Amino acid sequence: MNVKQPVLFSYHESIATITLNRESVYNAIDLHLAEALRQRLLDIEHDPKVRSVIITGTGRAFSGGGDLRFAHQASPDALGYSFLALTDVLHDSIARIRKMSKPVIAAINGPAAGAGFFLALACDLRVMAESAYLKQSNTSHGLSIPAGGTFTLPRMVGLAKALELALLDEPISAAQALQLGLVTKVTTDERLLDDTCNLAQRIGQMPIETIGRVKRLFNKSYYATLDEQLESERLEIAASAGSAEGREGILAFLEKRQPNFKLAEAVSEDTLTSLIL
């Protein structure tokens, strides 16, 4: 029996692309898709060949959000249990995206609503097609906001604007999303994947382990005191300076050349020491 894969995966030139693949239901997230997404993120996290990640959707949508039909059918008399099971898996993916060293870019090819909207916000960067739009959606269905939305949205647009988006639940056009700082770039529908791949390749040249350290520091900054954050920064910059990436970056600066972080593992501590001395 040929079962359609809920998530597609491709790899090209150190870029891994995860494609949500439930086109007939606008890539709505059911438990099978959530589990497949989590597994792909786990695989990518430990794959040294992957330096950047793109998440997108098939067809006309990025993702319509959580699959309400699935949730109702799975447990019609106890809907809460359906959402507990679904968010248990999906939230693990959100946390992995935020903690992953490798940069993750959302290519928003069409509507991103509900949990689909917040999945996109969890990514490090977002490239959005001109025809796409964002929508909070959950409150209009009598549901609170999941998938890290109450964490990411107010930090991106401020508490007052986040409440406005939640209470009014109006669609956000690509132009509005760019103005609000919700997306990194808006491009034509035809150029979306090309522009996203170009951005992924550009970031893939950066020191990936160092990017991971910076992501962790930004995450900590939301709940740490200044003294705690300064100590975290002190420890992370010391660790990064002692890493292969740090050694290559410093060597490149001293040698007046562009760093090659992909080959950073070949840089020896002895070479750096002799150059500094």
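Where a number appears in this text, it was derived from the coordinates with a stated rule and is not lab data. Because the structure is predicted, anything quoted here is derived from the model rather than measured. Cβ sites come from the backbone with ideal geometry, for glycine too, and all protein chains shown count toward neighbours.
Treating r as the C-beta distance of residue 191 and residue 39 and R0 as 22 Å, the FRET efficiency rounds to 0.15. Angle check, please: helix 208-221 long axis (alpha carbons) against the longest principal axis of the chain (alpha carbons), in degrees 0 to 90, nearest 10. In the chain, helix 208-221 runs at an angle near 60 degrees to the longest axis. In order along the range 227-232, the phi-based Karplus estimate (6.51 cos²θ - 1.76 cosθ + 1.60, θ = phi - 60°) of 3J(HN,Hα) comes to 4, 5, 5, 4, 5, 4 Hz; Gly and Pro are listed as x. Restricting to the range 7-204, what percent of DSSP beta bridges are antiparallel, rounded to 5? Around 30 percent antiparallel, to the nearest 5. Of all segments of the chain bounded by chymotrypsin sites (Phe, Trp or Tyr not before Pro) found in a DSSP loop with no more than 14 other C-beta atoms within 10 Å, the longest spans 1-221. Annotation: amide H-H contacts under 5 Å for residue 55 (H modelled 1.01 Å from N, sequence separation of 5 or more, or interchain): 18, 105, 106, 107. Considering only 258, 136, 176, the Gaussian network model of the chain with Cα springs below 10 Å gives its largest mean-square fluctuation to 258. Computed over the chain with a Gaussian network model linking Cα atoms closer than 10 Å, the most mobile of 157, 127, 50 is 157. Counting lysine pairs in the chain whose alpha carbons fall under 17 angstrom apart, excluding pairs fewer than 8 residues apart on the same chain, gives 7. Could you state the number of Å between the C-alpha centres of the range 112-179 and the range 42-99? Rounded to whole Å, the Cα centres lie 16 Å apart. For the chain, the longest principal axis of the alpha carbon atoms and the long axis of helix 159-168 meet at an angle near 30°.
Loop by DSSP (not H, G, I, E, B), at most 12 other beta-carbon atoms within 10 Å: where is the longest site-free stretch of the chain for GluC sites (Glu not before Pro)? In short, 14-189.
The chain: Rg/Rh from Cα coordinates, Kirkwood Rh? With Rg and the Kirkwood Rh in hand, the quotient comes to 1.01.
Counting beta carbons within 10 Å around each of 67, 124, 77, 88 and listing the fewest first gives the order 77, 88, 124, 67. If R0 is 30 Å, the Cβ-Cβ spacing of residue 232 and residue 81 corresponds to a FRET efficiency of close to 0.20.
Each principal axis of the Cα cloud of the range 1-117 was evaluated for its coordinate range; sorted largest first, these ranges are 47, 32, 27 Å.
Between residue 161 and residue 250, how high is the FRET efficiency from 1/(1 + (r/R0)^6) when r is the Cβ-Cβ distance and R₀ = 45 Å? Nearest 0.05. Approximately 0.65, to the nearest 0.05. Debye sum, Cα scatterers, the range 24-78, no solvent: what log₁₀ I/I(0) at q = 0.15, 0.16, 0.29 1/Å? For the range 24-78, the Cα-only Debye profile gives -0.55, -0.61, -1.14. Taking other Cβ atoms within 10 Å as a rough exposure proxy, 202, 96 sort from fewest to most as 202, 96.
The local environment of residue 57, defined by Cβ-Cβ distances under 12 Å, has a net charge of +1 under the rule Lys, Arg +1 and Asp, Glu -1.
The 3J(HN,Hα) values that the Karplus relation (6.51, -1.76, 1.60; θ = phi - 60°) gives for the range 11-24 are, in residue order, 9, 8, 6, 6, 10, 9, 10, 9, 10, 5, 10, 10, 4, 5 Hz. Gly and Pro appear as x.
Taking amide H atoms as placed 1.01 Å from N in the peptide plane, the amide H of residue 66 lies under 5 Å from those of 29, 115, 116, each 5 or more residues away in sequence or on another chain.
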